[in-house]
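Scroll down for the structure; my scribbles are underneath it.
Every number here is computed from the coordinates shown, using simple stated rules; none is lab data. Remember, it's a predicted structure, so these values are computed and weren't measured experimentally. In this analysis, Cβ positions are derived from the backbone assuming ideal geometry, glycine residues included, and neighbour counts consider all displayed protein chains.
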Amino acid sequence: MYTLSDHQIDFILNDIRARGVEMEDLQYNLLDHICCIIEKDLETNGDFESFYQKTIRSFYKDALWEIEEETISLLTFKHYYTMKKLMIWSGAFSVFTLAVGIWFKFMYWPGATLALGLGIVFGSLIFLPLLFTLKAKEQQSRKDKIVMVFGALGTIVMCLSFLFKVLHWPHSSTLAYLSAVIMLFVFLPLYFFAGIRKAETKLNTITTSMLVILVYCMLLLTIRTPRLTSFTELNTLQELGISQEILLNEYRMSLNNPALKQQSIQELNDKIFKLCNESKTYIFWRDTGLDTNDTQIREFNYNKRLLCDPFKWDPTIEGKINKLGLLVDHYNYALSNIGNKKLSRIRTIHTILDNVNIGSQNITRASVINQLNQIEMFIFQNTRTLLAMK
């Protein structure tokens, strides 16, 4: 076993300092570790200097001061490895759930929305923040850190816009526009002018900038513009107004026909028609402030973009639809007793009358109103058939 002298210990300490290690605690920790290796592995009559040079080289790849940088990084960023593992696992989980969600969506299996939502949440709120945090820590320049922050913010906002789209929440387009503004008008100029000045990063900066612009141009092409949305909803409302006017005229004609009053099914007709109109009136009044019988429905302010948004279920409309479902069941039963194959039963499965789906369907207001109109159309079609039987 080799015994180190005080002179040799001082030589090791001075050499550690000369190699760029300035932290005193780290200097003495390295000194203690190196001394233990030399005393344990060096023979009694061995060559101290050559063995020391061989030992010290095993502590670094390029230079000994790298250990100090790593130590400072670990002290500043104590949970670095934990965050790195969490980043990897959250990224893997996000990719897996997104793949499962897309597969389920293509196959029309239940659980697709849940899987897609979980994938986007883990990807945008855990994986991406951790990734950009760790990447920002590797940057030495403050300007580079700021660029990373805006890049992370724009990417996360875009992911959240996808989440809002999948869950049929409002303002998904607003988030997409916000992400485009951050990435194209804040992140991209900072990134481009910071990287174009350096010869080693010039090519990568140009190609990455073009890719960012290309990706956002493609994404913006998939978003329906506010102007197109306004025209679409105006046309939808006008069509609903025309359907409502036709149905009212049909109802007035049925009331004035004495032959129909003798039919026992007329009472159910009246109740269903009344409840359908109450439901439509409530929906319009709740969401637009208009009445379905009001002439304003033809002059609806299309800046109120409400009809093509996801329908909001509440206890009042759920109660009306449940009651309507019971009346329709009685109506279909009454038709079956008449025994005429020309009479059309009102479909209830996979519609708003399906009790399993009430309150959980992701459909638009226009779709709900259209289905209510279709129920009335079935009634008037059967009414004409019953009149023809007389």
**Report entry** For segment 1-119, convex hull volume per residue from C-alpha positions, Å³
**Finding:** 147 Å³
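To make sure I understand, if each residue's beta carbon is the centre and we count other beta carbons within 10 Å, what order do TYR28, TYR80, TYR331 fall in, fewest to most?
Working: TYR28 12, TYR80 15, TYR331 21.
Least to most surrounded, the residues fall as TYR28, TYR80, TYR331.
Cα convex hull of segment 145-230: how many Å³ per residue? Could the numbers behind the result be given before it?
Working: hull volume 7.5 nm³, N = 86.
Hull volume over Cα atoms, normalised by residue count, gives 87 Å³.
Step through the table entries LYS271/LYS312; LYS40/LYS85; LYS135/LYS202; LYS54/LYS143, compare each Cα-Cα distance with 31 Å, and write down the pairs that go over it.
Working: LYS271/LYS312 24 Å; LYS40/LYS85 36 Å; LYS135/LYS202 19 Å; LYS54/LYS143 41 Å.
Checking Cα-Cα distances, LYS40/LYS85; LYS54/LYS143 exceed 31 Å.
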Query raised in the report: Residue by residue through segment 164-179, which ³J(HN,Hα) values in whole Hz follow from phi under the Karplus form 6.51 cos²θ - 1.76 cosθ + 1.60 (θ = phi - 60°), with glycine and proline marked x?
Result: 4, 5, 5, 8, 6, 8, x, 6, 5, 5, 4, 5, 5, 5, 4, 4
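Suppose we take every Cα in segment 77-221 and form the convex hull; what volume per residue is that in Å³? Don't skip to the answer; put the middle values down first.
Details: hull volume 17.8 nm³, N = 145.
Considering the Cα atoms of segment 77-221, their hull volume per residue is 122 Å³.
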Report task. Would you mind estimating how fast segment 6-73 diffuses translationally, via Stokes-Einstein at 10 °C and 1.306 mPa s with the Kirkwood radius over Cα pairs, in µm²/s? Result -> 128 µm²/s
